[in-house]
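The values are calculated or read from the model by the stated rules, or taken from the named source; none is laboratory data. All figures in this text were calculated on a predicted structure; none of them were measured in a lab. Cβ: placed from backbone, ideal geometry, glycine included. Neighbour counts: every protein chain shown.
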Amino acid sequence: MTYIQTKRNGWCYLSTIMDLHSRRIIGYSFSKKMATDLVLKTLESAVKNRTITGDLIIHTDLGSQYTSDDYNQRLTELHIRHSYSRKGCPYDNASMESFHASLKKECVYPVPVFENYETAAAVLFEYVHAFYNRKRIHSSLGYQTPLQVEIATLTSQMAA
């Protein structure tokens, strides 16, 4: 989860889930409140974009939203194993930390401060769906985009 400041609504919160194979953001939610409901919405968004298999793992930090009974109950219902970062060790979730850093450098910091929640939500939607997943290349992916990696993976699975 990361914080986004707005003039009218103060701090707002972005929760994201990334597929670590492709680096694609498969679920996200943006809210005026940093509550368990935010991460549950993000989880449901991701579940709509993926087939859940028996060996699926989700990795999060130890924030109260992720350690809540409601969140962990939903993971159990979905048969998703929960992995946690060690306390005070952001390197355990380096891919998400890197995404949040890129988002801030490329999308948030160039704007002095978003006017309001709605403006920020629209800009974040555009960044994630139109730019990050479809156009932003990654050296760790052989200078491909997350979408290119997913298409290549699906193509190779179909050929096998």
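The residue pairs whose first member lies in segment 127-141 and is in contact (Cβ under 8 Å) with a residue 12 or more places away in the chain and assigned to a loop (DSSP other than H, G, I, E, B), whose second member is among the β-branched types (Val, Ile, Thr) and surrounded by 13 or more Cβ atoms within 10 Å (Cβ to Cβ), and whose beta carbons are closer than 9 Å, counting only pairs six or more residues apart or on different chains, are Asn133/Ile25; Asn133/Ile26; Asn133/Thr145; Arg134/Thr145; Arg136/Thr145. If you scan segment 35-50, which residues turn out to be within 22 Å of Arg23 (Cβ to Cβ), charged (D, E, K, R) and part of a helix (DSSP H, G or I)? Selection gives Lys41, Glu44, Lys48.
When you scan segment 83-126, how many residues do you find that are part of a loop (DSSP other than H, G, I, E, B), in contact with a strand residue (DSSP E or B) (Cβ under 9 Å, 6 or more places away or on another chain) and β-branched (Val, Ile, Thr)? Counting residues in segment 83-126 that are part of a loop (DSSP other than H, G, I, E, B), in contact with a strand residue (DSSP E or B) (Cβ under 9 Å, 6 or more places away or on another chain) and β-branched (Val, Ile, Thr) gives 1.
For (1) closer than 28 Å to Tyr143 by Cβ; (2) without any contact (Cβ under 8 Å) to a residue 12 or more places away in the chain; (3) of a type in the set (A, V, I, L, M), each residue gets a yes or a no:
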site: Leu20; (1), (2), (3): yes, no, yes
site: Gly27; (1), (2), (3): yes, no, no
site: Leu43; (1), (2), (3): no, no, yes
site: Leu62; (1), (2), (3): no, no, yes
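Per the listing Thr36, Thr42, Thr60, Thr67, the residue uniquely closer than 20 Å to Tyr127 by Cβ, among the polar types (S, T, N, Q) and either in contact with a Ser or Thr (Cβ under 9 Å, 6 or more places away or on another chain) or crowded, with 18+ Cβ neighbours inside 10 Å (or both) is Thr42.
In segment 142-159, of all residues being outside any helix (DSSP H, G or I) and of a type in the set (S, T, N, Q), the one that is farthest from Ser102 (Cα to Cα) corresponds to Gln144.
Would you point out the residue of segment 113-124, among those that are out of contact with any helix residue (DSSP H, G or I) (no Cβ under 8 Å at 6 or more places or on another chain) and without any contact (Cβ under 8 Å) to a residue 60 or more places away in the chain, that is farthest from Cys12 (Cα to Cα)?
So in segment 113-124, the residues out of contact with any helix residue (DSSP H, G or I) (no Cβ under 8 Å at 6 or more places or on another chain) come out as 113, 115-122.
Retained after the next criterion (residues that are without any contact (Cβ under 8 Å) to a residue 60 or more places away in the chain): 118, 122.
Details: Glu118: 10, Ala122: 13 Å.
In this case the residue turns out to be Ala122.
The condition (being modelled with pLDDT of 95 or more, assigned to a loop (DSSP other than H, G, I, E, B), surrounded by fewer than 21 Cβ atoms within 10 Å (Cβ to Cβ) and not aliphatic (A, V, I, L, M)) is satisfied by just one residue among Arg8, Arg23: Arg8.
When Leu62, Leu43 are checked against the criterion of being in contact with a helix residue (DSSP H, G or I) (Cβ under 7 Å, 6 or more places away or on another chain) and of a type outside the set (Lys, Arg), a single residue qualifies: Leu43.
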